[in-house]
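Below is one structure, written out as structure tokens; the observations come after it.
The numbers here are math on the coordinates, done by the rules we state, and not lab data. What you are looking at is a predicted structure, and each value in this text was computed from that prediction instead of being measured. Heads up, the Cβs are rebuilt from the backbone with ideal geometry, glycines too, and the neighbour counts pull from every protein chain shown.
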Amino acid sequence: MKNILMVILLTLLTVSCTRKEESSHPSFPAGNGVLLVNEGNFMGGNGSISFFSYDSAKIYNDLFSSINGRPLGDVPNSAGIIGDKAYIVVNNSGKVEVIKKSTFQSLATIKGLVSPRNIEFVSASKAYVTSMYTDSLIILDLVSNSISGYINLRRTSESIVIAGEKAFVANWVDGHEIMVVNTAADAVIDSVEVGVEPESMVVDRDNMVWVLCNGGWMRENFAELDGINSSTLSIDRHYVFPTIQESPTCLRIDGAGDNLYFLDGGVRKMSISAASIPETPMISESGHVFYKIGVDPYTNDLFVTDAIDYQQKGYLLFYGQDGTLLQTLQADIIPGYMCFRHSAGR
């Protein structure tokens, strides 16, 4: 009888310990929400990942390090979600970290990339990664999580989007071209001349590629917003910002592909059929240092990061579709790029 009681007691203790271990991780965020890339200080190696959970209305910081027991790296720049994985591009560390979307646990590290910037998924098995300091577009094999090849662009690259079977790749620093890549052949087939320093791009509901050109670091040129017909490669829409001092950044689009958003003295919203650049922001930057925008493709809620002084921990600002501030949440140092985790898809 004593032996039986001892077995029962040991079993209960084992189950109890197991359940506690499975449920006690203080930083594990479940459900839908925003994956936020915090760049950290250059050469500081203190980049991190945060997650804002819609379910708990809380932000969870420093997730990669706390869950995987090692630092993320130096200056994570962007991220992308496909299937059950998230790919985090770590610029100055020259790598892409692959994590499980639901748990943030590390699955693989793709090394050997030179100054990687942004990632775009061609298919479930292939992605492209841009590079700020080389002339090549990097091809990733998403099955083996390795570099499978390169595409010679003959110029550096920054932003990238895909429309149909074409990838549009921006030459940003001192550039004025969008390189067009055939994604089936992994080869450059054409280029389109746009304004100076094409900084960010999106694709709308009609497969038009919108390019935001900030005019140059020294404000030598007027900023432009150009719309490229992805079939003919002609510029079908062209807007010039009214003053040479303006340097708009971070072009984004809503889930339906109807409205553009960008930073220019605040958050500006613009219909893809608008006759002109909006004169006033829908969200004022007053009291903040806006750095990046994210638009949830499922809810169209807006998220803006405040970098403060680019040294201390910044903030994630959560706005409703009408621009009403709903929450202010402290993130980590230089909160930047955002992507969205939803059970409905990517």
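Please determine, in degrees from 0 to 90 and to the nearest 10, the orientation of helix 2-23 with respect to the longest principal axis defined by the Cα atoms of the chain, where the helix direction is its Cα long axis. The helix 2-23 is inclined about 10 degrees to the chain. Put simply, the C-alpha atoms of the stretch 212-338 give a gyration tensor, and the ellipsoid matching it has half-axes of 25, 18, 13 Å, longest first. Among the listed options (1) 38, 30, 16; (2) 38, 24, 18; (3) 31, 26, 20, the one matching semi-axes √(5λ) of the Cα gyration tensor in Å as calculated from these coordinates is (2).
A Förster radius of 45 Å combined with the Cβ-Cβ distance from N68 to S276 puts the calculated FRET efficiency at roughly 0.40. Distance between the modelled labels on M43 and M218, one decimal in nanometres: 2.5 nm (7 Å Cα→Cβ projection).
Sequence-distant contacts, meaning Cα pairs under 8 Å at least 6 residues apart, place the relative contact order of the chain at 12 percent.
Where only DSSP H runs of four or more residues are counted, the chain gives -2500 deg cm²/dmol as its mean residue ellipticity at 222 nm, each run worth -39500 (n - 2.57). For the pair Q245 and N207, label points projected 7 Å from Cα toward Cβ lie 4.2 nm apart. Taking the chain as a Gaussian network, Cα atoms linked when under 10 Å apart, which of V169, V129, V289 shows the biggest mean-square fluctuation? Sorting by GNM fluctuation, first place goes to V289. Of the cross-linked pairs K292/K313; K101/K269; K85/K269; K58/K85; K58/K126, which ones have a Cα-Cα span greater than 25 Å in the structure shown? Among K292/K313; K101/K269; K85/K269; K58/K85; K58/K126, the Cα-Cα distance tops 25 Å for K101/K269; K85/K269; K58/K126. Net charge near S191: determine it from the other residues with C-beta under 11 Å of the C-beta of S191, scoring Lys and Arg +1 and Asp and Glu -1. Local net charge: -1. Of the residues K85, K269, K58, which exhibits the maximal mean-square fluctuation in a Gaussian network model of the chain defined by a 10 Å Cα contact cut-off? Sorting by GNM fluctuation, first place goes to K58. Once each part is reduced to its C-alpha centroid, what is the distance from the stretch 256-316 to the stretch 36-52 in angstrom? For the stretch 256-316 versus the stretch 36-52, the Cα centre distance is 20 Å.
Free of any GluC sites (Glu not before Pro) that DSSP assigns to a loop and that have at most 11 other C-beta atoms within 10 Å, the longest stretch within the chain is 1-219. Each other residue within a Cβ distance under 10 Å of A127 adds +1 if Lys or Arg and -1 if Asp or Glu, for a net charge of -1.
Provide, for q = 0.21, 0.22 Å⁻¹, the log10 of I(q)/I(0) from a solvent-free Debye sum over equal Cα point scatterers in the stretch 39-144. The computed values of log10 I(q)/I(0) come out as -1.13, -1.22.
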